[in-house]
Amino acid sequence: MTEPAIRSTRTIKVDTLARVEGEGALLIRIQNGEVRDVKLRIFEPPRFFEAFLRDRDFREVPDITARICGICPVAYQLGSAQALEQACGVTVDGPLRDLRHLLYCGEWIESHALHLFLLHAPDFLGYPDAIRMAQDHPDVVRRGLEIKKTGNRLMQVIGGREIHPINVRVGGFYRLPAVADLHALVEPLERSLEAAIDTLRLTACFSYPDFERDYEFVALSHPDEYAILGGRLVSNRGLDIALEDFPAHFDEEHLAHSTSLHAYHRGHGAYLVGPLARYNLGFEKLSPLAREAALAVGLTPTCLNPFRSIMIRCVEIVHACEVAIGIIRAWREPPAPSVEVSPRPATGVGCTEAPRGICWHRYTIGDSGLVKDARIVPPTSQNQASIEEDIRRFVAAHLDLPDEDLRWKCEQAVRNYDPCISCSCHFLKLRVERT
Amino acid sequence: MNPADPTRGAARRLLVIGVGNPHRGDDAAGLEVARRLQERLAGIGVGGDSETGAGAGAVTTAATVDIATGEGVDLMSRWEGADRVILVDAARSGAPAGTIHRFDARRETVPSSFFRYSTHVFSVAEAIELARVLGTLPHELAVIGIEGAVFDAGGEISEAVESAVRSVVAELAETLDARD
């Protein structure tokens, strides 16, 4: 509620949403016309999961951690599987690794498509939500649903189920997909690739706020591919480390009086993970058609405007489709759906690029294959500090707006990051405190 | 399943979808309804379903019971091809716990405030509205919302909701039997 004009404290506060545990909380304090404080709570770190993974059998970890995120379970399944495989001295390579890559392409496609078409595009086309956008642009929405469906199908064929894949295990998979089922995916992938290029052209015509920041981007880097399954961790400020060195360079802090956790690159500050980070750090590794499509619409290998992440997600859909088609065409069935993994007391790390950014896992296996310790760092919580900074600057430029409009602007700023909260139109109930 | 079975085509005619999150207390209400209906149908030799969402098709009743997370786009593809759909979900409207809300989605807008999925994606309400705009709503779509009270992680469903679940299961079991 907006206070009357005589009170110069506006508090923008977001309460917890129905069915969500404390996410969606945004508090903005404005004093004498200046933004004093921005406290954003958009994701709760999976401390609960880290705790109850202890004393579970190591083989249960991928399925349990998949429950952390309903929209990117593959990121958790593969991150945890690889960490445990490392601990056990096993590498999943060759066709099984390709199959993981294929599954992950499916997740990128469906996650990006959902966000782009149903959550983000309405902002740019001037609609409060996708439903109203669909009234005037049904074909755009249908196109988005088709692309999402392709991603879902990929996940269903390889993962065994669309929403929560059940086929992923430490060591590989429980079952190999039928070759015919894989080949049947090529045609929808080709159609979705074209649809994504068309959509990129559409997004290139959107009007973007003039907003750029000098971010520190952090992403995986791999010599042979646009990194998704693993590699080293790099940044545009000189970071270049092995996955196991993550804790030595990144801190998570509970700020005073805040329930949210902020992640910092030690000695540097807030950083950004996700499509914008990947794009800026790995443009030349994008698939040929993705690179070509990006350049054709006027993008360059550097993009510092978070609002343009809608274009970057589109580019990544093109990339994921092209990579997926390539894997399927070159597919040669391996002799077994998984490799043998025997547990031993050891610690292993794994990190993959979830649609939203790097998702880092570390597990210590104790006796009898039971988990002794778990640490999981999801992407959205790593972006928290950067998102707050974006909001601070964005709000500062729109202070004269009434709270309702200000809230809408803040939601748009948050939606650039596609955090695990941006789904509903009004996920932020803003309370502005003005003094 | 015999492809020549005359009820096979009818298997998709009535689809009951229980929606929810099994790990959040009363949010499991819709899932519980579906699960118990499946058990009942299995008890009389009729196919129910698992989380794969692949309708097993009915033998004596032309109905399928599905379980879904409530993600809107997923729901829209599940009800493709079904003539009559009954969606059951937990609701959060401030009404007393255990209240049973009913909506005829063909004739009215379902309030999105009632049925929040996670903060993640489209909920039941948004899926219905989007399908309406795109012209893909089933011929009949009834939404049953069971008002929840407690949505804590890991909790059981509360007493009032348990009682409403039983009542909805009994009602739907009759509906399914009555379609012979």
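Structure above, values below:
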{"item": "Additional length obtainable on full extension of the chain from residue A:214 to residue A:400, 0.36 nm per residue less Cα span", "result": "64.4 nm"}
{"item": "GNM top mover of A:129, A:214, A:198 - chain A, alpha-carbon springs below 10 Å", "result": "A:214"}
{"item": "Interchain or long-range residues, amide H under 5 Å from residue A:250's placed H", "result": "A:266"}
{"item": "Karplus 3J(HN,Hα) series, Hz, for segment A:287-297 with 6.51 cos²θ - 1.76 cosθ + 1.60 (x for Gly, Pro)", "result": "5, x, 5, 5, 5, 4, 5, 4, 5, 5, 9"}
{"item": "Overall form of chain A per C-alpha gyration tensor (a/c, 1.5; a/b vs b/c)", "result": "oblate"}
{"item": "5 angstrom amide H check on residue A:236, placed H, neighbours 5+ away", "result": "A:217"}
{"item": "C-alpha center-to-center spacing [segment A:123-185, segment A:334-354] in angstrom", "result": "26 Å"}
{"item": "Gained length - residue A:342 relative to residue A:368, 0.36 nm times residue gap less alpha-carbon distance", "result": "8.4 nm"}
{"item": "Highest-fluctuation residue, A:151, A:231, A:369 considered, GNM on chain A with Cα pairs under 10 Å", "result": "A:369"}
{"item": "Under the Karplus curve 6.51 cos²θ - 1.76 cosθ + 1.60, θ = phi - 60°, whole-Hz ³J(HN,Hα) for segment B:163-169, x wherever Gly or Pro sits", "result": "5, 5, 4, 4, 5, 5, 4"}
{"item": "Note, ³J(HN,Hα) from phi for segment A:352-363, Karplus 6.51, -1.76, 1.60, rounded to Hz, x at Gly and Pro", "result": "10, 9, 5, x, 8, x, 5, 10, 9, 10, 9, 10"}
{"item": "Angle in degrees between helix A:309-329 and the longest Cα principal axis of chain A, rounded to the nearest 10", "result": "10 degrees"}
{"item": "Per DSSP, loop GluC sites (Glu not before Pro) in segment A:136-224 with at most 16 further Cβ within 10 Å", "result": "A:212"}
{"item": "Label-point gap, in nm, between residue B:162 and residue A:52 - each point 7 angstrom along Cα→Cβ", "result": "1.9 nm"}
{"item": "Cα shape, segment A:169-214, gyration tensor, a/c 1.5 rule", "result": "oblate"}
{"item": "Principal-axis tilt of helix A:73-87 within chain A, Cα atoms, nearest 10 degrees", "result": "50 degrees"}
{"item": "Ratio of the Cα radius of gyration of segment A:66-153 to 2.2 N^0.38 Å, where N counts its residues", "result": "1.41"}
{"item": "For segment A:252-389: rounded, prolate or oblate by the Cα gyration tensor [a/c cutoff 1.5]", "result": "oblate"}
{"item": "Residue of A:382, A:77, A:86 that the Gaussian network model of chain A assigns the largest fluctuation, springs spanning Cα pairs under 10 Å", "result": "A:86"}
{"item": "In degrees, nearest ten, helix A:379-396 long axis to first principal axis of chain A (Cα)", "result": "20 degrees"}
{"item": "Amide H contacts under 5 Å for residue B:64, placed H, 5+ residues apart", "result": "B:14, B:15, B:16"}
{"item": "Computed helical MRE - 222 nm, chain A, DSSP H runs ≥ 4 contributing -39500 (n - 2.57), nearest 500", "result": "-12500 deg cm²/dmol"}
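No value in this document is a laboratory result; all are computed from the given coordinates. Keep in mind that this is a model prediction, so the values were computed, not measured. Note that we place each Cβ from the backbone using ideal geometry, even for glycine, and neighbour counts take in every protein chain shown.
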